[in-house]
Amino acid sequence: MKKILVALLTLALAFSMAFTLASCNDGDSNNGGEATTTAPVEETTVPTPNGYTLYNNGKISFAYPSTWTKQAGSVDMLINESGAGNNITVSYEQHSDIYTKMDVASFNTVLKPTFAAMGMTTSNVSVSQITNKNKVDMTKISYSASMNGVDMKQTMYVVAAGGFNYIVTVTETTADATLVNNVLDTLYVIK
């Protein structure tokens with residue numbers, strides 16, 4: 001029951017953020033609305049760690065545990081069905097530079113009220129602009145969260161690809177630094 005609740009809450013969070021932040025587009029994107037992205041590649045050449053498989057939606061790819069189940073939809077969910085409650089969601093929205101300009105103060109202004117409206121409290125927020133080993137520029141947002149008595153840590157990686165912001169959210173109800181690092185290290189922009 002706890003696993004289903006966490007999965008549903010994460011899905012609701014991803015949907016809510018995509019629609020809320022899409023309305024924040026301030027029109028500062030380049031190329032007539034096209035996002036500036038990291039140099040595209042034909043195929044993912046990043047090695048997949050042992051025990052992991054490749055998520056690929058044609059725009060981005062990254063590795064996730066091969067024992068997890070993929071549930072495709074308007075928001076893709078990768079779920080650990082062993083009962084640990086950890087999961088990954090992939091959502092997208094029209095490109096804007098809201099994330100590249102984000103800091104903790106703007107997180108508290110833009111995202112925190114959305115989370116609070118859903119009943120989620122957040123703390124220990126960190127926002128940074130990083131480049132991973134694959135030379136993919138992204139915004140990394142991490143925070144501790146609590147919702148309906150469930151404590152979790154969420155790490156969001158936001159990349160621009162194909163005119164959209166792709167938001168890869170890793171949710172840990174059980175701490176798993178290897179999972180978070182493998183997603184970061186293998187995240188790749190395809191097109």
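The values are calculated or read from the model by the stated rules, or taken from the named source; none is laboratory data. Values in this document were obtained by computation on a predicted structure and should not be read as measured data. No Cβ is skipped: glycine too gets one built from the backbone with ideal geometry, and neighbour counts run over all protein chains shown. Areas reflect the complete protein model, heavy atoms only, side chains present, ligands, DNA and RNA absent. Shrake-Rupley method; radii C 1.70, N 1.55, O 1.52, S 1.80 Å.
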Positions within region 118-133 being in contact (Cβ under 8 Å) with a residue 60 or more places away in the chain and out of contact with any helix residue (DSSP H, G or I) (no Cβ under 8 Å at 6 or more places or on another chain), in sequence order
none
Just one of (1) in contact (Cβ under 8 Å) with a residue 24 or more places away in the chain; (2) open to solvent by less than 10 Å² (accessible area, probe 1.4 Å); (3) more than 17 Å from Ile141 (Cα to Cα) trips up Gln94, so point out which.
(2)
Residue, farthest from Pro65 (Cα to Cα), within region 147-159, restricted to residues that are open to solvent by 20 Å² or more (accessible area, probe 1.4 Å) and modelled with pLDDT of 95 or more:
Asp151
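Yes/no per residue for (1) within 27 Å of Asp176 (Cβ to Cβ); (2) assigned to a loop (DSSP other than H, G, I, E, B):
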| position | (1), (2) |
| --- | --- |
| Lys70 | yes, no |
| Met77 | yes, no |
| Gly85 | yes, yes |
| Ile88 | yes, no |
| Ser91 | yes, no |
| Asp97 | no, yes |
| Ala105 | no, no |
What number goes with the only condition from (1) open to solvent by 60 Å² or more (accessible area, probe 1.4 Å); (2) touching a His at 6+ places or on another chain (Cβ under 9 Å) that Gly163 does not pass?
(1)
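Can you name the residue in region 134-171 that is charged (D, E, K, R) and in contact (Cβ under 8 Å) with a residue 60 or more places away in the chain and is also nearest to Ile98 (Cα to Cα) among such residues? Lay out the reasoning, then the answer.
Let us first name the residues in region 134-171 that are charged (D, E, K, R), namely 135, 137, 140, 151, 153.
The next check asks that each one be in contact (Cβ under 8 Å) with a residue 60 or more places away in the chain; those that pass are 135, 137.
Numbers: Lys135: 21, Asp137: 14 Å.
My answer is Asp137.
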May I ask you to verify whether Tyr166 is in a strand (DSSP E or B), under 13 Å from the mean Cα position of the chain (by Cα) and farther than 25 Å from Thr53 by Cβ?
no
Given (1) assigned to a strand (DSSP E or B); (2) surrounded by fewer than 21 Cβ atoms within 10 Å (Cβ to Cβ), identify the lone condition not met by Met138.
(2)
Of (1) open to solvent by 20 Å² or more (accessible area, probe 1.4 Å); (2) within 20 Å of Thr100 (Cβ to Cβ), Thr178 satisfies all except one. Which?
(2)
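Which residue, of Ser106, Ser91, is modelled with pLDDT of 95 or more and farther than 23 Å from Lys70 by Cα? Break it down stepwise before answering.
Details: Ser91 fails: farther than 23 Å from Lys70 by Cα.
When all the criteria are applied, what remains is Ser106.
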